[in-house]
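One structure below.
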Amino acid sequence: MEIATQDFKRVAVMAVSGRVDSATAPELESKLRELVDAGKTQIVLDLRNVEYMSSAGLRAMVSTLKAVKRVNGDLRLANPSPRVEEVLRLAGLTSIFSIHPSQEEAVASF
Amino acid sequence: MDQVTSAPGTGDFAQAELTVPADVRYLVIIRRFIHEAAQVLGAATKSIDDLVQAADELATNAILHGYRGQLGWIEVAVRPAGGDLLVILRDQAPPFDPRLVPEPDLSLPLERRPVGGLGVYLSRILTDEIRYHALPAGGNEVILVKRGVRAAK
């Protein structure tokens, strides 16, 4: 798994690539936590290059969403593959995450 | 317990097996192994993805909540049964029957959702059946079944 973060004026964009499983999800969660701790609570998580997402990755995302919502921020998702989107749907998360077809649209939604 | 090993041309009696340390860093190897073995056995791609994820979720559970950092092994086998495909997971961790885990309430608002608890649920909905046996010598055997996913011989 690789993570690249870009900081825009109002939004931080974190692009994740590779496999998010229980071996790698703790790193994703801590990188997201760093953003939140730095006061960056409007976050776009770009999932375009995520090949695999297990429940450990979902856990990192839900935990971050809870943290940013408490301070009126949001964690919005961009570009999930059909497979990742299906996993989100099966896990009942499409109703609590705002999901966008591109990074640009996710950024513009803030 | 039947210990049928691979032999070319033996159809339903062929079984591919893998043993890895109970360490989350080996999950990627478990996933690749199941993926490759299921492909050899002619399973459809969507079914392979489902079985791979279901097995990853349950192996993760065994490693993190069963062994809890203690040394141990996860055994994985991929076995055809007619048109069905079975993934068998064995461990020597304390007894844990994934069928008994209550379903999460997916209608709860965010504030009341637990952050975790989705792994076992996903493994159940991604498969057609989960069988469980507490092994006589200790440990668990979980069999994940995906039906009608191969062109049966």
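General observations
- Shape of region B:11-153, Cα gyration tensor, a/c cut at 1.5: oblate
- For region A:1-93, a crude dipole built from +1 on the beta carbon of Lys and Arg and -1 on the beta carbon of Asp and Glu, taken about the Cα centre, is about 380 debye to the nearest 20.
- Ellipticity estimate at 222 nm from DSSP helix runs (n ≥ 4, -39,500 (n - 2.57)) divided over chain B, nearest 500: -8000 deg cm²/dmol
- Straight-line cross-link partners of A:Lys31 among the lysines, defined as a Cα under 26 Å from its Cα and at least 8 positions apart when in the same chain: A:Lys9, A:Lys40, A:Lys66, A:Lys69.
- Reachable lysines from B:Lys146, criterion Cα separation under 30 angstrom, eight or more residues apart if same chain: B:Lys46
- CD proxy at 222 nm, helix term only [per DSSP H run n ≥ 4: -39500 (n - 2.57); per residue of chain A; nearest 500]: -11500 deg cm²/dmol
- Kirkwood estimate for the protein assembly as shown, i.e. one over the average of 1/r between Cα atoms, Å: 19.4
- Amide H to amide H, with H built 1.01 Å from N, B:Ala16 comes under 5 Å of B:Val78, counting only residues 5 or more places away or on other chains.
- For chain B, the longest principal axis of the alpha carbon atoms and the long axis of helix B:27-40 meet at an angle near 40°.
- Considering only the protein assembly as shown, percent of DSSP beta bridges that pair antiparallel, nearest 5: 70
- Sites B:Glu75 and A:Lys9 - FRET efficiency at Förster radius 41 Å, r taken between beta-carbons, to 0.05: 0.20
- Summing charges over neighbours of B:Thr19, with a neighbour being any other residue whose Cβ is under 12 Å away from its Cβ, gives -2 when K and R count +1 and D and E count -1.
- Principal-axis tilt of helix B:45-61 within chain B, Cα atoms, nearest 10 degrees: 50
- The share of C-alpha pairs in region A:2-108 whose separation exceeds 20 Å stands at 28 percent.
- Kirkwood Rh, angstrom, region B:91-138 [1 / mean 1/r, Cα pairs]: 12.8
- Amide proton proximity set for A:Asn49, modelled H, under 5 Å, gap of 5+: A:Val16
- Residues whose amide H falls under 5 Å from that of A:Gln42, counting only those 5 or more places apart or on a different chain, are A:Ala12, A:Asp74, with hydrogens built in the peptide plane.
Rule-based calculations on the coordinates, nothing more; no lab input. This one's a predicted model, so the numbers in the text were calculated from it and none came from an experiment. FYI the Cβ positions are ideal-geometry reconstructions off the backbone, even for glycines, and counts take in every protein chain you see.
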